[in-house]
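In what follows, a structure is listed as structure tokens, so that the remarks can point back to it.
The values are calculated or read from the model by the stated rules, or taken from the named source; none is laboratory data. Fair warning: this is a prediction, and the values are worked out from it, not measured in the lab. Ideal geometry is used to build each Cβ from the backbone, glycine not excepted, and the neighbour counts take in all protein chains shown. Side chains are part of the model used for accessible areas, which takes the heavy atoms of the whole protein and leaves out ligands, DNA and RNA. Shrake-Rupley method; radii C 1.70, N 1.55, O 1.52, S 1.80 Å.
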Amino acid sequence: MNAVLELDDIQSGVLRPRPTPYVATYIALRINDYGAGRDLMTRVAKVVTSAANPNSPLADTWVSVALTYQGLKALGVPQETLDSFSWEFRQGMTARAKDLGDVGPSSPENWEEPLGTPDVHVVIVAVSPDELHLETVLARARNTYQTMKGIQAIWRQNCHALPNEKEPFGFRDGISHPAIEGSGIPGSNPNEEPLKAGEFVLGYADELGGVQKTVPEVLGRNGTYVVFRKLHQRVAEFRRYLKSNSTSPDDEELLAAKMMGRWRSGAPLALCPFHDDPELGADPRRNNDFLFQADDPAGLKTPGGSHIRRTNPRDAAIAGVARIHRMIRRGTSYGPLLPEGVLDDDGADRGLMFAFVGAHIGRQFEFVQSEWINDGIFFGAGADRDPIIGSNGGAGSFTVPRKPVRKRCQGIPQFVVTRGGEYCFMPGLNALRWLADLRT
Ligand code: N7H
């Protein structure tokens, strides 16, 4: 039987896609004493929207709130309760850096302060259709927390949707997302059976029949884990690599599409392998309607090593089962666009605030990051990494299966550098009130 999700207790940011267009801001807060932290929980519980009700008390601005393990500690959550959260969450992202491929320029000692330090306790994300709405709400919020002794805003990152849902490399993003049983929100791939609710929300059965619970149950129920990563994109380097490894502008676009598995318009190679089809790319009923195995077992259309086939192999023959490694993604661009045609780095910071939402940081986010993005063994490609986001460090390789001979790309630089991140827990609305009422 399908689980009925308690949508009125789940934060809307977990399940509901964002408005389009939109601007967003991430704010990290530090809690300096229990009382102030609990007061903050009382206040945010009043403005966070539930997945059942798309109308925000802040009109056109939607707020989500998440806490790090250090944040739960700073609220005075008892040890027995802290111990009931997942091991990866308790470790935090910094401790997991090597396994995530966050080495060299991506290693925590090079992260933007204070990301990855024990100072980050609460992460608030506010999303609005435009800057005016967002700034009005933020000015009010600032007035509030500036008067709250014991709460300190320590970091902020502004983000925005680029035209046509594009990200800084120029690809349309935000196309593929899974369907979740009981959520009422359709997935984007009609060939994918909805996933069990417990894959994304604590307190419900997951694909393996397990139910994650915390002690007490109310804290975990209807909550989820959220992984934030600030990912800097070396756009000029990406453009230069494409240029120097192709024979013409068309060939350059084909190489970019082979690396992604989609043309920049979003049109999937699985459905149009030889040329772009912007109309298909923009059509949400068709642009994710495909599988891999029967039609393209050898990756002649969509290479096994491409970003989308690695991160969601769908029904492709791989070592393991793809369904238990699915995720909800909420990527949001930051920084100015590098103007079309520019091949030299202008020094600006631009990239993606990547957000993973799911109930299993270990077998979903960490697994995909370490086994599928930064390794190629699962589909028989040895140590090849994701050509776009793998930690390639100049020595990456990528194979484009072709007849009569495959194309082998070598010397792939690192196009994406981690600037920091956090493992967070996004509680349900009742859990926020439970945190506010803590008396220990
Ligand atoms: Fe990826 N990009 O814009 O270039 N990603 N991603 N990603 N990604 C996807 O299908 C991108 C990152 C996934 O179901 C698209 O919605 C960039 C991480 C998954 O077919 C594009 C960065 C992880 C999918 C990008 C980045 C993932 C996916 C195609 C970093 C996981 C869905 C649009 C800067 C740990 C696959 C779409 C499917 C798709 C880009 C990071 C995972 C364009 C720039 C870190 C699961």
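In this structure, does P336 turn out to be more than 29 Å from D206 (Cβ to Cβ), free of Cβ contacts under 8 Å to residues at least 12 places away in the same chain and either surrounded by fewer than 21 Cβ atoms within 10 Å (Cβ to Cβ) or within 13 Å of the ligand (Cβ to nearest atom) (or both)? I'd like the intermediate steps shown before the answer.
Values: more than 29 Å from D206 (Cβ to Cβ): yes; free of Cβ contacts under 8 Å to residues at least 12 places away in the same chain: no; either surrounded by fewer than 21 Cβ atoms within 10 Å (Cβ to Cβ) or within 13 Å of the ligand (Cβ to nearest atom) (or both): yes.
So P336 does not fit the description; no.
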Filter pass, F365 being within 10 Å of the ligand (Cβ to nearest atom), of a type in the set (A, V, I, L, M, F, W, C), open to solvent by less than 30 Å² (accessible area, probe 1.4 Å) and not in a loop (DSSP other than H, G, I, E, B): yes
Residue check, A45 surrounded by fewer than 18 Cβ atoms within 10 Å (Cβ to Cβ), of a type outside the set (V, I, T) and over 11 Å from I151 (Cβ atoms): no
Filter result for the condition that a residue is touching an Asp or Glu at 6+ places or on another chain (Cβ under 7 Å), part of a helix (DSSP H, G or I) and open to solvent by 20 Å² or more (accessible area, probe 1.4 Å), over E135, E88, E109, E80: E88
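Restricting attention to the range 219-255, report how many residues are among the small types (G, A, S), part of a helix (DSSP H, G or I) and closer than 15 Å to L343 by Cβ.
Taking the range 219-255 and keeping what is among the small types (G, A, S), we get 220, 223, 236, 244, 246, 248.
Imposing the further condition that a residue be part of a helix (DSSP H, G or I) reduces the set to 220, 236, 244.
Now drop any that are not closer than 15 Å to L343 by Cβ, which leaves 236, 244.
Result for the range 219-255: 2.
Can E167 be described as open to solvent by less than 50 Å² (accessible area, probe 1.4 Å) and touching a helix residue (DSSP H, G or I) at 6+ places or on another chain (Cβ under 9 Å)?
Details: open to solvent by less than 50 Å² (accessible area, probe 1.4 Å): yes; touching a helix residue (DSSP H, G or I) at 6+ places or on another chain (Cβ under 9 Å): no.
No; evaluated as a whole, the condition is false for this residue.
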The range 265-276, residues that are closer than 21 Å to P163 by Cβ, open to solvent by less than 50 Å² (accessible area, probe 1.4 Å) and either in contact with an Asp or Glu (Cβ under 7 Å, 6 or more places away or on another chain) or free of Cβ contacts under 8 Å to residues at least 24 places away in the same chain (or both): S265, A267
Hey, V417 touching a helix residue (DSSP H, G or I) at 6+ places or on another chain (Cβ under 7 Å), at pLDDT 95 or above and near the ligand (Cβ under 10 Å from one of its atoms) or not: yes
Test: residue in the range 418-433 that is closer than 27 Å to V235 by Cβ, open to solvent by 40 Å² or more (accessible area, probe 1.4 Å), basic (K, R) and without any contact (Cβ under 8 Å) to a residue 40 or more places away in the chain: no
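Are there any strands (runs of 3 or more DSSP E) wholly within the range 379-440 with 2 or more residues that are among the polar types (S, T, N, Q), and if so which?
On the way: elements: 396-400, 407-412, 416-426.
The strands (runs of 3 or more DSSP E) meeting that bar are 396-400.
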Residue under evaluation Q157, criteria (1) of a type outside the set (G, A, S); (2) buried (at least 20 other Cβ atoms within 10 Å of the Cβ); (3) at pLDDT below 95; (4) within 17 Å of the chain's Cα centre (by Cα), criterion not met: (3)
Selected residue (only one of R285, R221 is free of Cβ contacts under 8 Å to residues at least 24 places away in the same chain and away from the ligand (no atom under 14 Å from the Cβ)): R285
Given (1) within 13 Å of the ligand (Cβ to nearest atom); (2) open to solvent by less than 20 Å² (accessible area, probe 1.4 Å), number of the condition A359 does not satisfy: (1)
Matching entry among E192, E207 (being part of a loop (DSSP other than H, G, I, E, B), out of contact with any strand residue (DSSP E or B) (no Cβ under 8 Å at 6 or more places or on another chain), under 22 Å from F356 (Cα atoms) and modelled with pLDDT of 90 or more): E192
K213 vs. criteria in a loop (DSSP other than H, G, I, E, B) and either closer than 30 Å to A45 by Cα or away from the ligand (no atom under 14 Å from the Cβ) (or both): yes
Residue in the range 390-404 that is modelled with pLDDT of 95 or more, open to solvent by 10 Å² or more (accessible area, probe 1.4 Å) and within 27 Å of A95 (Cα to Cα) present: no
Test set (1) within 19 Å of Y26 (Cα to Cα); (2) buried (at least 22 other Cβ atoms within 10 Å of the Cβ); (3) modelled with pLDDT of 95 or more - Q70 fails condition number: (2)
Pairs where the first residue, in the range 24-45, is more than 17 Å from T68 (Cα to Cα) and the second is among the polar types (S, T, N, Q), C-beta under 8 Å, 6+ apart: A24/S128; A24/N158; A24/T332; T25/Q157; T25/N158; R43/T144
In the range 180-195, the residues that are surrounded by 17 or more Cβ atoms within 10 Å (Cβ to Cβ) and within 13 Å of the ligand (Cβ to nearest atom): G187, S188, N189, E192, L195
Residue within the range 155-171 that is away from the ligand (no atom under 16 Å from the Cβ), closer than 30 Å to A95 by Cα and in a helix (DSSP H, G or I) present: no
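A126 - would you say it is of a type in the set (A, V, I, L, M), open to solvent by 20 Å² or more (accessible area, probe 1.4 Å) and at pLDDT 90 or above? Step through it out loud before you land on a result.
Numbers: of a type in the set (A, V, I, L, M): yes; open to solvent by 20 Å² or more (accessible area, probe 1.4 Å): no; at pLDDT 90 or above: yes.
Criteria not met by A126.
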